[in-house]
Amino acid sequence: MRTPVVLVAGQGDTDAVAGILLQRAGTVVVEHRFDGHVVRRTTAMQGDGELITTEDALELAHGCLACTIRNDLLVLLRKLHRRSDVERIVVHLAPWLEPEPICWAINYVRVRVRPGYPDGPAACDVAIAGVVTCVATPDWLAQSLGDDELPDGRTLAQVVVGQAEFADLVVLDHPEPVTLAVLRRLAPRARITVGLTRVELALAHLDGDSRRGRSDHPHAPLLAGLPPLATDGAVGIVEFSARRPFHPERLHAAVDLLLDGVVRTRGRLWLANRDDQVMWLESAGGGLRVASAGKWLAAMTASEVAYVDPERRAFADLMWEHRFGDRHTSMTVLVCGAEPAELVDALNGALLTDDEMACPRSWSGYDDPFGDWHEDPCHETPDMAGEFTAHRSDGEAR
């Protein structure tokens, strides 16, 4: 039996949520904090009527804060699994950490502990039982629509949207109608509760299709979890699909409309000048990126297709077109203030015209304002390589 792990993230009262979870017998809470000089790891657990805490100072691995915390956590999880008094592990994340890369590391990054432990990821010994994201209701919506940056180059919107979207349980400080409407569409697979009284109950009754640490695949359904499709005031989901490619320059010009009054955009793109590549577009508030998500099936060899997920192959068979195969565009846009009709008109206007569709040999010569692709190991994921990033403040590639 693997030991369950619960991650607590977000900008709300994460201390209080971790404290609630700590009250259950057999629960240990792990927390890493950096004071500007030293990384300190704290573990806390209820003993015989008293709280037992330990604190250790960690040496920076290769001078990298993220690597130090990640490597220490992965090894610690495997060690805690072997303790007979530990029945659940709660990982209390720092406010600006996103849970998704931590979960990915738990599931896939191999670690060497010491003799007696087989080499492998922490998931050999632990299983992610849930991600709890605490939302500071007065601030969250403004942050999710903004373009303010953190010192590491991420935007506030990227972090707060990512934290909420990846959650199995969202805990709000207090109810606020517009924020609730956005969260129900952003994280439709998550349970949403207000206050601390139902945290344990909600974790015990997560939906069967909850993430539990699993990332979305670029070729998976974009509306997994069945979010509400009806509009709620200024909040709604706009779906856009097309079976002809985008002109890269016209799409670049239309990007600004996806950065104002929009919480989240996600989707697969077919760019005319990149006929073999599936492009993945993702925005949060005033920041956006476009990255490669691999090849279209129509551009693959038979041996490459054999390794593709069967669900994706079945979907491609249903939509296959004799000239262009499975190439298509499919996007969802979560708006909060933006005008849906304007978005759809702008995206339609960025598609190739009938005359342009009649001259496919000219597509590869279109100017590409999205820039050159690059490999960046520090941000490598299994399905994406290279990216273009834009911000509402300048709209330039960085």
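Structure summary
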item: Residue in region 108-125 that is nearest to the chain's Cα centre (by Cα), counting only those that are part of a loop (DSSP other than H, G, I, E, B) and surrounded by 18 or more Cβ atoms within 10 Å (Cβ to Cβ); result: Asp125
item: Residues of region 39-49 classified as open to solvent by 40 Å² or more (accessible area, probe 1.4 Å) and over 14 Å from Leu77 (Cα atoms), total; result: 4
item: Selected residue (criterion: modelled with the highest pLDDT) from residues of region 347-388 that are touching a strand residue (DSSP E or B) at 6+ places or on another chain (Cβ under 7 Å), among the aromatic types (Phe, Trp, Tyr) and closer than 21 Å to Phe240 by Cβ; result: Phe370
item: Matching residues in region 25-38 - criterion: being out of contact with any helix residue (DSSP H, G or I) (no Cβ under 7 Å at 6 or more places or on another chain) and either under 18 Å from Trp96 (Cβ atoms) or open to solvent by 20 Å² or more (accessible area, probe 1.4 Å) (or both); result: Ala25, Glu31, Arg33, Asp35, Gly36, His37, Val38
item: Cross-chain or 6+ apart pairs with Cβ under 9 Å, region 254-281 first and within 21 Å of Gln143 (Cβ to Cβ) and modelled with pLDDT of 95 or more, then open to solvent by 10 Å² or more (accessible area, probe 1.4 Å) and among the acidic types (Asp, Glu); result: Gly261/Glu339; Arg264/Glu165; Arg264/Glu282; Thr265/Glu282; Arg266/Asp216; Arg266/Glu282
item: Test: residue in region 140-154 that is surrounded by fewer than 17 Cβ atoms within 10 Å (Cβ to Cβ), modelled with pLDDT of 95 or more and either within 20 Å of Ser210 (Cβ to Cβ) or not charged (D, E, K, R) (or both); result: yes
item: Count - residues of region 250-289 that are farther than 27 Å from Met319 by Cα, out of contact with any Leu (no Cβ under 6 Å at 6 or more places or on another chain) and open to solvent by 50 Å² or more (accessible area, probe 1.4 Å); result: 3
item: Top-ranked residue in region 196-228 [being hydroxyl-bearing (Ser, Thr, Tyr) and under 22 Å from the mean Cα position of the chain (by Cα); ranked as nearest to Thr14 (Cα to Cα)]; result: Ser210
item: Some residue of region 86-107 being outside any strand (DSSP E or B), among the acidic types (Asp, Glu) and without any contact (Cβ under 8 Å) to a residue 60 or more places away in the chain; result: no
item: Out of Thr43, Thr68, sole residue that is over 17 Å from Ala127 (Cα atoms), among the β-branched types (Val, Ile, Thr) and in a strand (DSSP E or B); result: Thr43
item: Every residue from region 165-186 that is without any contact (Cβ under 8 Å) to a residue 40 or more places away in the chain and touching a Pro at 6+ places or on another chain (Cβ under 9 Å); result: His174, Glu176
item: All positions within region 221-247 that are more than 27 Å from Asp368 (Cβ to Cβ) and in a loop (DSSP other than H, G, I, E, B); result: Pro221, Leu223, Ala224, Gly225, Leu226, Pro227, Pro228, Leu229, Ala230, Thr231, Gly233, Ala234
item: Among (1) touching a helix residue (DSSP H, G or I) at 6+ places or on another chain (Cβ under 7 Å); (2) of a type in the set (Phe, Trp, Tyr); (3) open to solvent by 70 Å² or more (accessible area, probe 1.4 Å) - the single one Tyr307 does not satisfy; result: (1)
item: Every pair of residues 6+ apart whose Cβ atoms lie under 9 Å, when the first sits in region 58-71 and is under 19 Å from Pro99 (Cβ atoms) and open to solvent by 40 Å² or more (accessible area, probe 1.4 Å) while the second is modelled with pLDDT under 85 and part of a loop (DSSP other than H, G, I, E, B); result: Cys67/Leu60
item: Failed condition for Arg327, given (1) open to solvent by 30 Å² or more (accessible area, probe 1.4 Å); (2) in a loop (DSSP other than H, G, I, E, B); (3) in contact (Cβ under 8 Å) with a residue 40 or more places away in the chain; result: (1)
item: Qualifying residue in region 9-16 (condition: within 27 Å of the chain's Cα centre (by Cα), assigned to a helix (DSSP H, G or I) and of a type outside the set (Val, Ile, Thr)); result: yes
item: Gly12 being touching a strand residue (DSSP E or B) at 6+ places or on another chain (Cβ under 7 Å), of a type outside the set (Lys, Arg), surrounded by fewer than 19 Cβ atoms within 10 Å (Cβ to Cβ) and closer than 26 Å to Ala190 by Cβ; result: no
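The values are calculated or read from the model by the stated rules, or taken from the named source; none is laboratory data. Keep in mind the model is a prediction, meaning the values are calculated, not measured. As a convention, Cβ positions derive from the backbone with ideal geometry for all residues, glycine included, and neighbour counts pool all protein chains shown. Remember, those area values only see protein heavy atoms, side chains included, never the ligands or the DNA or RNA. Shrake-Rupley method; radii C 1.70, N 1.55, O 1.52, S 1.80 Å.
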